[in-house]
1. If you take every DSSP beta bridge fully contained in region 48-112, what fraction is antiparallel? Give it as a percent rounded to 5.
2. Based on the Cβ-Cβ distance from ASN25 to ASP84, what FRET efficiency comes out when R0 is 35 Å, to the nearest 0.05?
3. Return the subset of LYS127/LYS210; LYS18/LYS210; LYS147/LYS197; LYS38/LYS139; LYS39/LYS137; LYS39/LYS147 for which the Cα-Cα distance in this structure is over 26 Å, preserving the input order.
4. For region 95-175, state which chymotrypsin sites (Phe, Trp or Tyr not before Pro) are in a DSSP loop and have at most 15 other beta carbons lying within 10 Å of their beta carbon.
5. Report for the chain the percent antiparallel among DSSP-assigned beta bridges with both residues inside it, nearest 5.
6. Taking region 75-186 as the region of interest, what is the percent of Cα-Cα pairs per 5 angstrom bin, listed from the shortest bin to the one with the maximum distance?
7. Largest first and in whole Å, give the semi-axes of region 1-92's equivalent ellipsoid, each being the square root of 5 times a Cα gyration tensor eigenvalue.
8. How large is the charge dipole for the chain, taken about the Cα centre, if only the Cβ atoms of Lys, Arg (+1) and Asp, Glu (-1) carry charge, to the nearest 20 debye?
Amino acid sequence: MIEVYYAEDDEIIAKSVKEYLEQQNCKVTVFGAIVDIKKALINHLPTVILLDWNMPDGQGNELCRWIRDRWNDLPVIYLTVRGDSCDIVSGFQNGADDYVVKPFDLAVLHSRILALLRRAKGTKAVKLSCDDLILYKEKAAVYYQQKEVAVSQSEYQLLLLLLENKGKTVTRRQLLEQIWDNSGNYVNDNTLTVTMKRLREKLNHPLCLKTIRSFGYRMEDTK
């Protein structure tokens, strides 16, 4: 199911978009203020974000830049009445993946969401980040507060998997199976605990790396 966060303060437009997309098997949550969608994003990432430009507590461009500073690959589509070329260019420059001018056809909007998600599937980020932590996939390097940190292969794979699922809780079982047990070899649960402990120590116990007690771990921005 496609999960949509929609920043829109016009209740009529928001209701129309929400009802149509939910008929297409999407789950849609509407936010009437930028502060509300920011709080939601810190706790959980949707599949795609729909974003109005003019919000009661700020501009869509500000929110788009805030998103891009944290999640390079989270799809963002503007839905706005501002259709001048300078506004459209500004929207893309600030990180939008698509730009739809009101009024728009709901079926076309749904098609553009699907097209964007198809393209996103074929593109994997080479740089993953969370707070002051950055992982570069091309050179398999980890940096914390702009300083490179030497990590083992298992520590790197653990951090990579958590960053690729940023905003989502990854269970201990998933981590054990995907990092150590892909070949069907049994690995003691304590292996994960020890590896995580060493990784935390090397990264100076970053606040963005959360422990979900007796369940798993989650990466999420705290700034």
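1. 20
2. 0.55
3. LYS18/LYS210; LYS38/LYS139; LYS39/LYS137; LYS39/LYS147
4. Working: sites: TYR99, PHE104, TYR136, TYR143, TYR144, TYR156; in loops: PHE104.
Hits after loop and neighbour filter: PHE104.
5. Beta bridges within the chain, antiparallel portion: roughly 55 percent.
6. Over region 75-186, the share of Cα pairs per 5 Å bin runs 2, 9, 15, 14, 15, 12, 11, 9, 7, 4, 1, 0 percent.
7. Working: eigenvalues 72, 53, 33 Å².
Whole-Å semi-axes of the equivalent ellipsoid: 19, 16, 13.
8. For the chain, the charge dipole is close to 920 debye.
The values are calculated or read from the model by the stated rules, or taken from the named source; none is laboratory data. Model, not experiment: these values are computed from the prediction. Neighbour counts are summed over all protein chains in view; Cβ atoms, including those assigned to glycine, are modelled from backbone coordinates with ideal geometry. Calculation scope for accessible area: heavy atoms of the full protein, side chains included, ligands and nucleic acids excluded. Shrake-Rupley method; radii C 1.70, N 1.55, O 1.52, S 1.80 Å.
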